[in-house]
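The structure appears below as structure tokens.
The values are calculated or read from the model by the stated rules, or taken from the named source; none is laboratory data. This is a predicted model, so every value here is computed, not measured. Because the Cβ atoms are built from the backbone with ideal geometry, glycine has one as well, and the counts that use them run over all protein chains shown. What goes into the accessible areas is simple: the full protein's heavy atoms, side chains included, and nothing from ligands, DNA or RNA. Shrake-Rupley method; radii C 1.70, N 1.55, O 1.52, S 1.80 Å.
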Amino acid sequence: SARGSAAASRALRRLRQVRQPGPRLTVDVDATVEATADAGGTLVPVFTRPLERSLDLALVVDGAPAMRVWDDTFDELTRLMAQTGAFRSVERWRLITDGTGTDGMVSLADASGKVQPTHRLIDPSGRRVVFIATSASAEAWYTPGPWEAVAAWAAAMPTALIQVLPRQYWAATALGEPYVTARAGRPAAPNAEYAWRLAWWADDPGGVPLPVVTLAPDALETWAQAAVNGTAWTLGVTATPPDPEYAPSAAADEDADVLVNDFLGRASPGAERLARILGTASTLSMPLIAVLQESLAPETGVLEVAEVLSSGLLEEDGRSGQARFRFRDDTRQRLRRGVTAFEEWDAYAAVSRYLESRHQLGGPLSALIPDPRSEE
């Protein structure tokens, strides 16, 4: 929400403390007066370089289809971060992943869509803060590519990962449970210089420490304290890829009952209701999800959509250029057990009204709700 984004940006104002002398010389009036008095009235000008903001911010948002539900949130957050007064500049980037190969090649796209190599972000002076926003649930995150890029950024600059999913989902993503705590030894030091401690239950995987935060203001405030003042310890992982055995493609072979039960065991009540409603459609697009959510689950928001899209119940439908999803085998039928005939009719009516209001069939809705009068 806009209110949450505003609170998150306020939590980062602590980074205003990171300053350095600017390029312009100005007269230090107080020092000049004192030096002139000491010289018996002879004017002795004293010059100084006023401190200025020294940090830039790069917000790198995962370009996976399931992350598109967060576009408005990060548009607003980018705007608000530019107003905090903590950064010289704020840039938004999209992380392009190709998880089809074993290398998981990655690149970046700037605001104009121009593709750049990931090392384009590296500032040798360390004066760029990098935030990577992701659910870490796409298959690419189980390959080395994204982690190699993140490790290179963290070695040179203060870097943190924003996990958009609630804490109960982390163990089921490529991040897993946080197993390190870390803090900087000097303001805005690169992660490679962090002091860090390993959880008692974890084996040391090596790699550079990587703080993991949420968009909650208290989480960002704790990270800011750790990164700027070293007065707090922030939770995280290391920038190393997880075991590919736990990738979504491996989960596809799991029994539908197991997948559904795992989701229901983690899901918020709103996400559970939304998943059952979305299960009335065989294929989902973002516009269709928006129509069904607004009409039948208006009490839910972007977080509940993110829970469903990252649940493991859906897989990408790559037959179209737009973001489309379909439920894995039999999971849709399991979810529909909790949907009444009235709700199926309501879903059908909601999409019909949407199409009628635009006087066309198709349009942005590339997947429709089956007519409840039909046998399928």
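Okay, here's what the table says:
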{"read-out": "Test: residue in the stretch 263-284 that is among the hydrophobic types (A, V, I, L, M, F, W, C) and without any contact (Cβ under 8 Å) to a residue 24 or more places away in the chain", "value": "yes"}
{"read-out": "Among the residues listed as Leu314, Leu284, the single one being more than 20 Å from the chain's Cα centre (by Cα) and of a type in the set (A, V, I, L, M, F, W, C)", "value": "Leu284"}
{"read-out": "Count of the stretch 92-119 residues which are surrounded by 13 or more Cβ atoms within 10 Å (Cβ to Cβ) and modelled with pLDDT of 90 or more", "value": "12"}
{"read-out": "Inter-residue pairs, beta-carbon under 8 Å, first on the phi < 0 side of the Ramachandran plot and open to solvent by 60 Å² or more (accessible area, probe 1.4 Å) and in the stretch 67-91, second of a type in the set (A, V, I, L, M) and assigned to a helix (DSSP H, G or I), 6+ apart", "value": "Arg68/Met286; Asp72/Val302"}
{"read-out": "Pairs where the first residue, in the stretch 205-217, is at positive phi and the second is assigned to a loop (DSSP other than H, G, I, E, B) and surrounded by fewer than 23 Cβ atoms within 10 Å (Cβ to Cβ), C-beta under 9 Å, 6+ apart", "value": "Gly206/Thr240; Gly207/Thr240"}
{"read-out": "Strands (runs of 3 or more DSSP E) (entirely within the stretch 144-211) containing at least 2 residues that are open to solvent by less than 30 Å² (accessible area, probe 1.4 Å)", "value": "159-163, 180-183"}
{"read-out": "Only one of Ala275, Ala251, Ala232 that is modelled with pLDDT under 90 and either more than 28 Å from Trp153 (Cβ to Cβ) or open to solvent by less than 60 Å² (accessible area, probe 1.4 Å) (or both)", "value": "Ala251"}
{"read-out": "Filter result for the condition that a residue is hydroxyl-bearing (Ser, Thr, Tyr), more than 22 Å from Leu215 (Cα to Cα) and either modelled with pLDDT under 90 or assigned to a helix (DSSP H, G or I) (or both), over Ser311, Ser295", "value": "Ser295"}
{"read-out": "Failed item, numbered, when Tyr246 is tested on (1) out of contact with any Pro (no Cβ under 9 Å at 6 or more places or on another chain); (2) surrounded by 16 or more Cβ atoms within 10 Å (Cβ to Cβ); (3) within 30 Å of Arg197 (Cβ to Cβ)", "value": "(2)"}
{"read-out": "Qualifying residue in the stretch 175-195 (condition: more than 22 Å from Gln17 (Cα to Cα) and touching a residue at least 60 places away in the same chain (Cβ under 8 Å))", "value": "yes"}
{"read-out": "Residue match in the stretch 139-155 (condition: at pLDDT 95 or above, of a type in the set (Val, Ile, Thr) and in contact with a Phe, Trp or Tyr (Cβ under 7 Å, 6 or more places away or on another chain))", "value": "no"}
